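Right, one structure below, let's go through it.
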Amino acid sequence: MEGTSFLLKRTMGAAYTFIIIFGIYIIYNGHISPGGGFQGGAILASVFIVHYLITEDKSIRFAFLTLLEKILYFTIVCFSIFFVLYNNDRLSMEAKTMYLLIMNILIGIKVCCGLSVVFFRFVLFESR
Amino acid sequence: MLNIFLVMTIVFAIMAIQTGILRHAVIYAGIYSLLCSFIYLLYKAPDVAIAEAVIGCTLSTVLYLVAIRKYKVYKVYYCYSEDTTKKKHDIINKTRHTLTNFSLSIELELDFILSKNTAAQMITHSSYDLVIEQNQNQLTIFGDVTNYHFEEVKRWFTDSNLTVEYCPLFCEIGDDRG
Amino acid sequence: MRKKLIAGLMVAVFIGILSSPVVPIGSASFLHDYYIQNFTKDTGALNSVTSIYLNYRIFDTLFETLLLLISVIGIIYFSRHEGDY
């Protein structure tokens, strides 16, 4: 965005990495501590917003993000239904935990794509 | 603790509705959802609190602010000299009051910027809708004549008892702001 | 006439809902107790919210994510564009 102050640019540029680390932490520890795919994905989407606020880079690949979101949704549906069909008491604890972790990661990336597409649609396309 | 937060949410909700300036309303709504997230935390629902803090307080506030910035802003530069006294502040406040009423009447968002540059610098170097220069007790208003709000501004300033001189400019045609 | 009919129907439904008997939470607490006692053994999660969100109520989550996907698609195709999706 044009006309952003120098102070905001510097502080936000330094905060980048911390936001990414926090988002990944929330997603990765979704099954242990509060948080999960949706919250972590929203935090990761805010990285894109910070990126929009401090630079004038408008090269967002909408087609790629939308395609990625659709593919991830398909994967989530297939994976979870597969798990529900084969879930029984003989399944080990590690496998169940692994399922939760993978689902959290998939949902996180999907929500991140979705929210950033929504934001950039509103910002770059409306009112031009 | 919980009761304090609950009362504060009501206060900020009423403030967000009652304020006339859109930007303040967005900020009050952001504070309101931050307090909501604290309340969720006090009710021992940290998952919901994280979601509320991220979505309600950050994403939607930034989205609204960008939308207001993109929408209709009436940008006014107010140029004044270094030696400001009490009386001059009165003039600034009166001008700001008049322009706020004006922008509310035409449903634009007022962006009132105080500057210490001279008016000539502002005219050549910035994008603006109105430049006001103050000399002692005399106000000089520079504005684009092709901008049809200029006549409206004149009418508002004749109602207030300020000594004003108008200086119409002929800027580039096709300025679609405001 | 039709508007008044619909409004009257809505009022009737509202009164019916208010006067209908509600199952009190106390008698439904066996599910609540079951989740609290068995979620770690059943799902392998230490966070009970995640175990409900991703294991017991997985179809809820699937349709919730579908909701986000559909809203994104709607925003893309209804927003102002010049042929570039």
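The values are calculated or read from the model by the stated rules, or taken from the named source; none is laboratory data. Remember, it's a predicted structure, so these values are computed and weren't measured experimentally. Don't worry about glycine lacking a Cβ; one is built from the backbone with ideal geometry, like all the others, and counts go over all protein chains shown. We work out accessible area using only protein heavy atoms, side chains counted, and drop any ligands, DNA or RNA first. Shrake-Rupley method; radii C 1.70, N 1.55, O 1.52, S 1.80 Å.
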Distant-in-sequence amide H partners of B:Leu110 (H built 1.01 Å from N, under 5 Å): B:Tyr74
Theoretical FRET efficiency, 1/(1+(r/R0)^6), r = Cβ-Cβ of A:Ser5 and A:Phe125, R0 35 Å, to 0.05: 0.85
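I'd like the trypsin sites (Lys or Arg not before Pro) in the range A:1-66 restricted to DSSP loop residues with at most 12 other Cβ atoms within 10 Å, sorted by number.
A:Lys58, A:Arg61
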Whether the range A:3-83 is rounded, prolate or oblate, judged on the alpha carbon gyration tensor where a/c under 1.5 counts as rounded: oblate
Cβ-placed point charges (K, R +1; D, E -1), dipole of the range A:38-128 about Cα centre in debye, nearest 20: 160
Too-long pairs where the Cα-Cα distance tops 21 Å, listed order kept, from A:Lys70/A:Lys96; B:Lys75/B:Lys154; B:Lys94/B:Lys154; A:Lys96/C:Lys41; B:Lys94/B:Lys116: A:Lys70/A:Lys96
Euclidean distance of C-alpha centroids, the range A:58-114 and the range B:1-71, integer Å: 31
Backbone HN-Hα couplings from phi across the range C:61-77 [Karplus 6.51/-1.76/1.60, Hz, Gly and Pro as x]: 4, 4, 6, 5, 5, 4, 4, 5, 4, 5, 5, 5, 4, x, 5, 5, 8
Dipole moment magnitude, nearest 20 debye, chain C about Cα centre, only Lys, Arg, Asp, Glu C-beta charged: 520
Accessible surface, per residue, of chain A when the full set of protein chains is kept, probe 1.4 Å, Å²: 52
J(HN,Hα) series, the range B:44-55, from Karplus relation 6.51 cos²θ - 1.76 cosθ + 1.60, nearest Hz, glycine and proline x: 6, 10, x, 4, 5, 5, 4, 4, 5, 5, 6, 6
Total accessible surface hidden between C and A, rounded to 100 Å², 1.4 Å probe: 2900
Where labels lie 7 Å past Cα in the beta-carbon direction, separation of B:Met15 and C:Phe78 in nm: 3.3
Label-point separation, C:Ile15 to B:Glu151 (7 Å along Cα→Cβ), nm: 5.9
Spin-label model distance (nm) - C:Val22 vs B:Lys44, 7 Å beyond Cα toward Cβ: 2.2
